[in-house]
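What follows is a set of notes on a single structure, which appears directly below.
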Amino acid sequence: MTLLAVADAQARLLAMARPVSAETVALREAAGRWASGDVTALRTQPAADLSAMDGYAIRYADLPGPFARIGESAAGHPFSGQVGPMQAVRIFTGAALPAGSDAVMVQEEVSVDGAVISLIGEGPRRIGGNVRRQGLDFRAGDIVIARGERLTPARIAVAASAGHGVLAVNRRVRIAIVATGDELVPPGATTDGLALPETNGVMLTSLLADLPVDIVDLGIIPDDLDVLTSAFRQVDADILVTTGGASVGDHDLVRPALIAAGGAIDFWRIALRPGKPMMAGTLDQTVVLGLPGNPVSAFVTAQLFLRPLIAAMAGAASPLPQHLSATLAEPLAANDHRQDYLRARVVDGHVTVSAIQDSSMLLTLARANCLLVRAPGAPPAKTGDNVEIIPLA
């Protein structure tokens, strides 16, 4: 069976990602969501010409003075008069520039003798010196957040400054997580014999913690076709994530259970290491993602497929993981026909690959801070070459 290229698999999966419905939330609840439409400014910022410094508002043409002080302008308390020839108004950062003035002398460059203000420094260099012009940041009607942009703290602040108290976002994505395997026991349970603590559920829950999701952990389901099929039929979620049981062994029952439940498989087996046996399909309106049971493989495929799927459903314009460039700190051998995602550490822009890449080694993953990407058929790489990495939180 021909293995599907990673990029092709991602494209096919995202084609299944119907955006969830929109809702309106308060700004304080919008962090980490994606804007479901363009956000336009309801006001101009600054709304008027403001002083960028503490000092004295003057007419630039009257320099170098001296000037007669005629009043004061503070933020929220503007000077109500007009600045005439050889006059100055004491002004503070963020205060409205008085009518008639067009520049600000900073207070460190003047001397004050009663009501007489004299320039003793260089002074403003031009009309508008030390002034923040009206609309410098944005004007009413400008798009300040584009549809599909993630609502970072800075964008939420921009929305507030633009006059918004609420934002339209896609609702939270409902995720059901199932672990399969007769050998698995819950974390913390006694592991007699060859029993294994189930790690994928807690790992995936943590991996998705920064995304707008509601997670239902369906726990561990044994390797029983009827039990799995029944469980799948009862799922009410946007995405069903399974771990384990997606390969070709006699006890790998996720694919036959999905079909028995009335679902369909879109693709299976990726030209990827680790994570080749990943599967994707649908069950009614639910997208089903069958991740490998190996926790490192589950982690890598969740980074490459599950997180982008959630982001796309939540309205992200660019859901795929960000690739950065780093300098290779050691040589690498040529790669084979699968795309590799090597656990690695990047420090000061230089990346070192973990010595052992066995996909069973969680401690190696825990010590990594990036995945180094090696394309299929990549030639040997030498120290100092630029390589692609995916940063890990």
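The values are calculated or read from the model by the stated rules, or taken from the named source; none is laboratory data. None of the values given here were measured: they were computed from a predicted structure. Here Cβ is always computed from backbone atoms with ideal geometry, including for glycine, and neighbour counts include all displayed protein chains. We work out accessible area using only protein heavy atoms, side chains counted, and drop any ligands, DNA or RNA first. Shrake-Rupley method; radii C 1.70, N 1.55, O 1.52, S 1.80 Å.
For the stretch 214-337, what proportion of DSSP beta bridges, expressed in % and rounded to the nearest 5, is antiparallel? Provide the component values of the computation, followed by the final result.
On the way: 9 of 14 bridges.
Taking every DSSP beta bridge with both residues in the stretch 214-337, the antiparallel ones total about 65 percent.
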To the nearest 0.05, the calculated FRET efficiency linking A31 and A99 through their beta-carbon distance, R0 being 41 Å, is 0.50
Between N386 and D358, the FRET efficiency computed from the C-beta separation at R0 = 22 Å comes out, to the nearest 0.05, as 0.25
Surrounding charge for F267, neighbours by C-beta under 14 angstrom, Lys/Arg +1, Asp/Glu -1, total +2
The stretch 49-67 and the stretch 189-259 have their Cα centres apart by a whole-number Å value of 69 Å
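For A115 and H77, what does the FRET efficiency come to when R0 = 25 Å and r is the distance between their Cβ atoms, rounded to the nearest 0.05?
Numbers: r = 20 Å, r/R0 = 0.78.
Step by step, r from the Cβ atoms, then E = 0.80.
Please figure out what share of the DSSP beta bridges in the chain is antiparallel and state it in percent, rounded to the nearest 5. Before the final figure, lay out each step's value.
Numbers: 54 of 84 bridges.
So the antiparallel bridges amount to about 65 percent of the total.
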Heavy-atom accessible area of L63, protein chains in place, probe 1.4 angstrom, given in Å² to nearest 10, is 50 Å²
So, relative contact order of the chain in percent, Cα under 8 Å, 6 or more apart, is 16 percent
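How large a share of the accessible area of the chain, in percent, is made up of carbon and sulfur atoms when the probe is 1.4 Å and the other protein chains stay in place? Working shown, then result.
Details: 9710 of 18420 Å².
After summing per-atom areas, the C and S share lands at 53 percent.
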Over its alpha-carbon atoms, the stretch 253-299 yields an Rg and a Dmax in Å of 10.9, 30
PRE zone check, label point 7 Å out along Cα-to-Cβ of A260, amide N under 17 Å, scope the stretch 281-311, hits 283
Computed curve, the stretch 116-204, Cα-only Debye sum without solvent term, log₁₀ I(q)/I(0) at 0.16, 0.19, 0.24, 0.25 Å⁻¹, is -0.85, -0.95, -1.21, -1.26
Under the 7 Å Cα-to-Cβ spin-label approximation, E108 and A317 lie apart by a distance in nanometres of 4.0 nm
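Taking 0.36 nm per intervening residue step and subtracting the Cα-Cα distance, what contour gain separates D182 from D38 on full extension?
Values: separation 144, 0.36 × 144 = 51.84 nm, distance 4.88 nm.
Using 0.36 nm per residue and subtracting the Cα-Cα distance, I get 47.0 nm.
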Output ordering of 366-378, 271-283 (per-residue mean of other Cβ within 10 Å, highest first) is 271-283, 366-378
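In square nanometres and to one decimal, what's the mean projected area of the convex hull around the Cα atoms of the stretch 139-295? Walk me through the numbers on the way to the answer.
Working: hull surface 49.5 nm².
Mean projected area for the stretch 139-295: 12.4 nm², to one decimal.
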Expressed in square angstrom to the nearest 10, the accessible area of V387 with a 1.4 Å probe stands at 20 Å²
Scoring the stretch 74-232 by relative contact order with C-alpha pairs under 8 Å, at least six apart, yields a percentage of 14 percent
Pseudo-spin-label distance A366 to R18, built 7 Å along Cα→Cβ, given in nm, is 4.2 nm
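Return the calculated 222 nm mean residue ellipticity for the chain, to the nearest 500 deg cm²/dmol, obtained by summing -39500 (n - 2.57) across DSSP H runs with n ≥ 4 and dividing by the residue count. Walk me through the numbers before you get to the answer.
Working: 8 runs with 63 residues, N = 393.
About -4500 deg cm²/dmol.
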Burial-style ranking of 230-236, 379-385, average other-beta-carbon count within 10 Å with highest first, yields 230-236, 379-385
